[in-house]
Amino acid sequence: MRSEASFANVTALQHLGQNGTLTLGMSHYVDASGAVKVEKGNNLIGAIGQFRMWSSEWNEEELRRRTCADGDVVSWDRRDWKHDCPLEKDPGLHCAWSFFKVKMQTSLRKRRQSGNCSASMTNVTRQWFKTIFPLGISISNISVDSPVSPKCSVQLLQKSRAVSATACNKCFSSEVTITVDPADSVEVVQDYVATRLSWTFSTDTLILTAEHNSIRVLPVESSSPVVTSAPPTVTLPGTTQRVPEQVANMSTTGNPLFVNVSADVFLRAKLKLDFIGNASKPEEMIEQWLKKKLEAKGTSLVWNVLIVEGAWRNAKRLNIQTRFHEQHKQYTCDFHVQDYSMKHIEEIKYFINTTLTPQYTNDSSVIQTINMRLKQIFPQNCFEELSVTIYGKYFWPETFPQVNQTMRCSKPSSKEAFRLCELHLENDTTSWAQPDMTNCSPIESISELENITVTTDNAAEVVDLIQNLVNSTLGNATQLPHTELNTVVEKLNQVVNVTTVTPALGGNIVRVFSDILISDTDVVPVAASILNLTDKMGNTMELQNDLLSLTAPSLALSMIDVAAEGFNGLTFRAVSISSFQEPNVLVNQSFEGKPIPDANATISLPSTLHNFLPPGQRNKTRVQFQFYGTQDLFQGPQTANATTHSDLMLNSYIVSASINGSHVSNLSDGERVVITLRHRKAKQNGDRVQCVFWDFNDNGGLGGWSSLGCETWTLSPYQTRCLCEHLTHFAVLLDVSRTPISESDSHILNVLSYIGCGISALFLGITLLTYLAFEKLRRDYPSKILINLSAALLGLSLLFLLDSWLSSFNNYSLCIVTAATLHYFLLASFTWMALEAVHMHFALVKVFNTYVPAYILKFCAVGWGVPLAIVCLVLAIDKDAYGNTQDTAVAAKSKIPNEFCWLQNNIFFYVTVVAFVLLVLLCNATIFVVVLIQIRKMAANKKASTSSRSTMQDLRAVASLTVLLGLTWFVGFFTFGQGKVAMMYLFTIFNTLQGFFIFLFHCLMKENVREQWRIHLCCGALRLADRSDWSATTGGHRRKENIINSSSTVKTSLRNTSESDSCMENQKGT
């Protein structure tokens, strides 16, 4: 430490001059003029510790008796020293001292309009110090000077806000001498006292704030005299009152240095009143009367008014004649009175008695005190308390009764929090009320939750805060970070451990977990903690009735209290449409062994389990059911995921049952638990399903699926029944080793299917309108067959597009109609493809000049009648063969509905769809080959063409026949092996666009269709004149149609398709 120093020029004794400084670590000498000079070349080598300096000379013996803080010149306040190098603390040096002087500047503000502002600043300062400091710190001397300069905060506030400078709004400086017993380190005492004084102190009427930069805590040589004897008392009837002590010492100005401040007086009052009047709310009028009378002088306050109507024995009645419309009631009134007039207790009682005894009358009512009892009470202060809340950490200092303590908010620091030291009317005791944190902002991140201590009082607030923080975090991100997830689970565990969970609190906890589960958060590391927490919460939750269910998206808990006597079993079932919707749950107090079609999960406990029901409260035992609409908490090494690449996948939701206080296992055949689970993905032939339970001890304590003790019964492709000999979490595993494609490929194929069918539906509609609008186009048999085929394919495409939407209504009958209609149009489409092949065979292969009456009518009877007969037969045998298959999890993630009304029975599917389609395709393929051979022969009879253009025309003709006969459906039978994914893409693209290809080859590329478009739809230069003669494609006699005429039509049609390019070029040339 270094600075310039000088001594006063005195001859007898050198001393440090006023505002002089001294440099430590340098050698000094005093010159003849008395100035302190620095010796050059003789600098101090070493360190200085416990430096002391006095204004008088002491001998060696006197110095040994002194302590490190004994100097009467040197201040140990660090702010009085200037230094250029960092300070190095030495814990080996001890400096304990007892006597200190506190210097500070204080701003005083008025707390409210009414109140006593006449108390002296000395008394107020003494009350302040006694309140904030423990018994080990005593006050012996107080001096107050006013005003202070520079301006303090209250003066600046008056200047900036035009606040009136009343007697209660002012600044003053003070010096207070304190004694610390036992003595402590000077530095520790300085920090402790400065910290306590930096808090805002408030009484009922005043607010005091020490200017932080003005606080000085200095060790002094000795303390002022302290009064050690108890203050004298005077005995009055019924009470003992402490009177102010005499002045122990006087300052040079004559002001008392040690004055006792009497605390406020509290009384409990009990009145018995008569009330006469027609007021609608007499209780409010009585309370207003009490406060108006007792608070009129501004020296008393009325608290905790309790007014109860009722007659009382041996009471004098008010001798006043009442009018017919007036009420005459009797009331008992209890309340507290706080008096700060500094008067004797008997004077205060006399004031209350004389104020409330006279009859009170206004325009509408009369109040008369019949009886009064007054009792002085001595409520304790609310002791200092550290509270860690969702709004931050707050240290509430010791506070007087009925004083609303203020603290600055952690966020924002410009606002204040309030907390009342509440005086209770029930037992005349005090306690801290819940803090009013309205102006404060709660913590804003999950990581800050670690600083919160969960208590019974703040448990609900903590859960609400967690819910808001989780929602806020997941609103900006798709998942919670691992550290924040751990914090959330840990705090919710603390909530369940420290407080009794109410249904409302439990519902909020369930919703927090639901929000986490439906996000992309990886919950596997905390899965065991979440499962244990929900289980404990369900077992300890308070139930108003014997049954309670809590639901949230993807999660449901049901709790029921049952008695062993008369136990008939229990059945829990859950219906969940989607993981993003709340499931519907039902608990039936009986055993239901039959499967419930609509339920996603059902678990039934037999009546024989009454032996496992130990008596609990009220001789009842808690049975708990849980339903999980997500699989995230149950990712064992056996199930398929990104890391294990297993061939097993969970194919159901998870359901569990437990009995509080019992471990249910090794049940016999007649006692086994029945679990029925609905498959999320329909079981296919050859698939293997297996009932499993969650073993918490498996996989090193992380948990895993096991089938031990469970028997599997497959009820249908959509449901499996499990018979298990124990209670835990149950599910169904599906072997997916034969799954053809991944989920991403399935999503893409779904999109392609909908796009292709939409395009086909559009162009099939154009094809139908074209052929139906222009009569010349539909004169021949091939055109009429094409119209029927287009109608069937259009119906198939439209039904496929609308199927998911119709199934979303969850209407059983509507779904059956939709599935049956879709089945019908599929069969009709293939039937007309077959009839197209038959007609080609008749026309090109079996050419004979035979007249067939009602040729097209017979084709229509077969084309539309055979599919109708097949669908009706299926409905007659089993109408439930049609239904809905769903996979809600995939549907939710892909945003494309996977619910689909279709043929669900495998037998009907393979007979009426697979076998029928395969038969049609085989016949069409055979005829296709024969027709190609026949066309080749016919072409050989003509002049051969060797140009590459002829080969291209032949390829187009083949493509046209392939689309027309539906031969692209053959691709579906080759979706296996290494190329199965590629074949499925080809299958989807070709077959969903079949309608578009029909339009391409049989409308856009046909010359006669283009001519009709130009004749009827174009104008100007593009319009063609209508010709009376018709092309060869119309040939045949209209009344006597026969096969031979149709033969030329088919040949011409094929020729027109292959020659479309040359026709277009000829038109351009003309």
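The values are calculated or read from the model by the stated rules, or taken from the named source; none is laboratory data. What you see is a predicted model, and the numbers here were worked out from it, not measured in a lab. Cβ coordinates were reconstructed from backbone atoms using ideal geometry, including for glycine residues, and neighbour counts include every protein chain displayed. Note: accessible area is taken over every heavy atom of the protein model, side chains too, but ligands, DNA and RNA are not part of it. Shrake-Rupley method; radii C 1.70, N 1.55, O 1.52, S 1.80 Å.
Anything in the stretch 553-593 that is touching a His at 6+ places or on another chain (Cβ under 8 Å) and modelled with pLDDT of 85 or more? List them, or say none.
Hit for the stretch 553-593 is 567, nothing else.
Quick one: residue 459 ticks every box in (1) open to solvent by 40 Å² or more (accessible area, probe 1.4 Å); (2) modelled with pLDDT under 90 except a single one, so which number is it?
If we test residue 459 against (1) open to solvent by 40 Å² or more (accessible area, probe 1.4 Å); (2) modelled with pLDDT under 90, just (1) comes out false.
From the list 990, 970, pick out the single residue that is assigned to a helix (DSSP H, G or I), open to solvent by 40 Å² or more (accessible area, probe 1.4 Å) and free of Cβ contacts under 8 Å to residues at least 40 places away in the same chain. Break it down into steps so the answer makes sense when it comes.
On the way: 970 fails: free of Cβ contacts under 8 Å to residues at least 40 places away in the same chain.
Criteria check complete, one pass: 990.
Could you list all residues from the stretch 707-721 that are open to solvent by less than 30 Å² (accessible area, probe 1.4 Å) and in a strand (DSSP E or B)?
710, 719, 720
Just name the residue that is farthest from residue 546 (Cα to Cα) out of those in the stretch 557-591 that are acidic (Asp, Glu) and open to solvent by 50 Å² or more (accessible area, probe 1.4 Å).
Out of the qualifying residues, it is 582.
Filter the stretch 725-745 for residues that are farther than 16 Å from residue 651 by Cα and open to solvent by 40 Å² or more (accessible area, probe 1.4 Å); which is modelled with the lowest pLDDT? Before you say what the answer is, go through the steps one by one.
From the stretch 725-745, those farther than 16 Å from residue 651 by Cα are 725-728, 740-741, 744-745; that's our starting set.
Then drop every residue that is not open to solvent by 40 Å² or more (accessible area, probe 1.4 Å), which leaves 725, 740, 744.
Values: 725: 89, 740: 55, 744: 81.
It comes out as 740.
State whether one or more residues within the stretch 840-853 are part of a helix (DSSP H, G or I), modelled with pLDDT of 85 or more and either open to solvent by 20 Å² or more (accessible area, probe 1.4 Å) or over 20 Å from residue 924 (Cα atoms) (or both).
No.
Yes or no, residue by residue, for (1) over 30 Å from residue 854 (Cα atoms); (2) under 52 Å from the mean Cα position of the chain (by Cα); (3) not hydroxyl-bearing (Ser, Thr, Tyr):
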{"position": "765", "(1), (2), (3)": "no, yes, yes"}
{"position": "772", "(1), (2), (3)": "no, no, yes"}
{"position": "780", "(1), (2), (3)": "no, no, yes"}
{"position": "783", "(1), (2), (3)": "no, no, no"}
{"position": "799", "(1), (2), (3)": "yes, yes, yes"}
{"position": "804", "(1), (2), (3)": "yes, yes, no"}
{"position": "810", "(1), (2), (3)": "yes, yes, yes"}
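From the list 808, 829, 753, 797, pick out the single residue that is touching a Phe, Trp or Tyr at 6+ places or on another chain (Cβ under 8 Å) and either open to solvent by 40 Å² or more (accessible area, probe 1.4 Å) or among the polar types (S, T, N, Q) (or both).
753
Give the stretch 331-362 a look and list any residue that's in a loop (DSSP other than H, G, I, E, B), in contact with a Gly (Cβ under 9 Å, 6 or more places away or on another chain) and open to solvent by 40 Å² or more (accessible area, probe 1.4 Å), or say none.
362
Does at least one position in the stretch 540-547 carry a residue that is open to solvent by less than 10 Å² (accessible area, probe 1.4 Å), in a helix (DSSP H, G or I) and without any contact (Cβ under 8 Å) to a residue 60 or more places away in the chain?
No; the residues of the stretch 540-547 include none that is open to solvent by less than 10 Å² (accessible area, probe 1.4 Å), in a helix (DSSP H, G or I) and without any contact (Cβ under 8 Å) to a residue 60 or more places away in the chain.
Find all pairs meeting these conditions: Cβ atoms under 7 angstrom apart; at least six residues apart or on different chains; first residue within the stretch 713-726 and of a type in the set (Lys, Arg); second residue open to solvent by 40 Å² or more (accessible area, probe 1.4 Å).
721/595; 721/713; 721/715
Within the stretch 370-392, how many residues turn out to be surrounded by 20 or more Cβ atoms within 10 Å (Cβ to Cβ), assigned to a strand (DSSP E or B) and either of a type outside the set (Ser, Thr, Tyr) or without any contact (Cβ under 8 Å) to a residue 40 or more places away in the chain (or both)?
Residues meeting the conditions: 2.
Considering the stretch 592-613 alone, what residues qualify as being in a loop (DSSP other than H, G, I, E, B) and open to solvent by less than 50 Å² (accessible area, probe 1.4 Å)? Walk me through how you get there before you give the answer.
At the first step, the residues of the stretch 592-613 found to be in a loop (DSSP other than H, G, I, E, B) are 592-600, 606, 613.
Answer for the stretch 592-613, where residues must be in a loop (DSSP other than H, G, I, E, B) and open to solvent by less than 50 Å² (accessible area, probe 1.4 Å): 593, 596, 599, 600, 606, 613.
Sort through 485, 474, 492 and tell me the only one that's assigned to a helix (DSSP H, G or I) and at pLDDT below 90.
Going through 485, 474, 492 in turn, the sole match is 474.
Checking the structure you have, find out if any residue of the stretch 190-201 is of a type in the set (Val, Ile, Thr), out of contact with any Pro (no Cβ under 9 Å at 6 or more places or on another chain), modelled with pLDDT of 80 or more and open to solvent by less than 70 Å² (accessible area, probe 1.4 Å).
Yes, because at least one residue in the stretch 190-201 is of a type in the set (Val, Ile, Thr), out of contact with any Pro (no Cβ under 9 Å at 6 or more places or on another chain), modelled with pLDDT of 80 or more and open to solvent by less than 70 Å² (accessible area, probe 1.4 Å).
Residue by residue through the stretch 593-612, note down the ones that are within 36 Å of the chain's Cα centre (by Cα) and not hydroxyl-bearing (Ser, Thr, Tyr).
595, 596, 597, 598, 599, 600, 601, 603, 605
Look through the stretch 462-493, keep the residues that are surrounded by fewer than 17 Cβ atoms within 10 Å (Cβ to Cβ) and under 10 Å from the mean Cα position of the chain (by Cα), and return whichever of them is nearest to residue 435 (Cα to Cα). Walk me through it before giving the result.
Within the stretch 462-493, the subset surrounded by fewer than 17 Cβ atoms within 10 Å (Cβ to Cβ) is 464, 467-468, 471-472, 475-479, 481-483, 486, 490.
From what is left, the residues that are under 10 Å from the mean Cα position of the chain (by Cα) are 464, 467-468, 471-472, 475.
Values: 464: 17, 467: 21, 468: 21, 471: 26, 472: 25, 475: 30 Å.
Out of the qualifying residues, it is 464.
Restricting to the stretch 497-512, give me the number of residues that are more than 13 Å from residue 464 (Cα to Cα) and either open to solvent by 10 Å² or more (accessible area, probe 1.4 Å) or touching a strand residue (DSSP E or B) at 6+ places or on another chain (Cβ under 7 Å) (or both).
Total satisfying the criteria: 6.
Scan the stretch 960-1010 for residues that are under 23 Å from residue 926 (Cα atoms) and touching a helix residue (DSSP H, G or I) at 6+ places or on another chain (Cβ under 7 Å) and report the count. Break it down into steps so the answer makes sense when it comes.
So in the stretch 960-1010, the residues under 23 Å from residue 926 (Cα atoms) come out as 960-975, 983, 986-987, 990-991, 994-995, 997-998, 1001-1002.
Next, from what is left, pick out any that are touching a helix residue (DSSP H, G or I) at 6+ places or on another chain (Cβ under 7 Å): 960-972, 974-975, 983, 986-987, 990-991, 994-995, 997-998, 1001-1002.
Residues meeting the conditions: 26.
I'd like the full set of residues that are closer than 12 Å to residue 516 by Cβ and in contact with a helix residue (DSSP H, G or I) (Cβ under 8 Å, 6 or more places away or on another chain), limited to the stretch 454-481.
Selection gives 466, 467, 469, 470, 471, 473, 474, 480.
Just to be sure I understand the filter: pairs with C-beta atoms under 7 Å, separated by 6 or more residues or on different chains, first member in the stretch 191-219 and free of Cβ contacts under 8 Å to residues at least 24 places away in the same chain, second member among the small types (Gly, Ala, Ser) and outside any loop (DSSP other than H, G, I, E, B). Which pairs pass?
Filtered contacts from the stretch 191-219: 198/210.
What is the residue count in the stretch 127-163 for residues that are at pLDDT 80 or above and of a type in the set (Lys, Arg)?
Here the count works out to 1.
Restricting attention to the stretch 328-338, does a residue exist that is at pLDDT below 80 and in contact with a strand residue (DSSP E or B) (Cβ under 6 Å, 6 or more places away or on another chain)? Before you say what the answer is, go through the steps one by one.
Taking the stretch 328-338 as the starting set, the residues that turn out to be at pLDDT below 80 are none.
So far as the stretch 328-338 goes, no, none of its residues is at pLDDT below 80 and in contact with a strand residue (DSSP E or B) (Cβ under 6 Å, 6 or more places away or on another chain).
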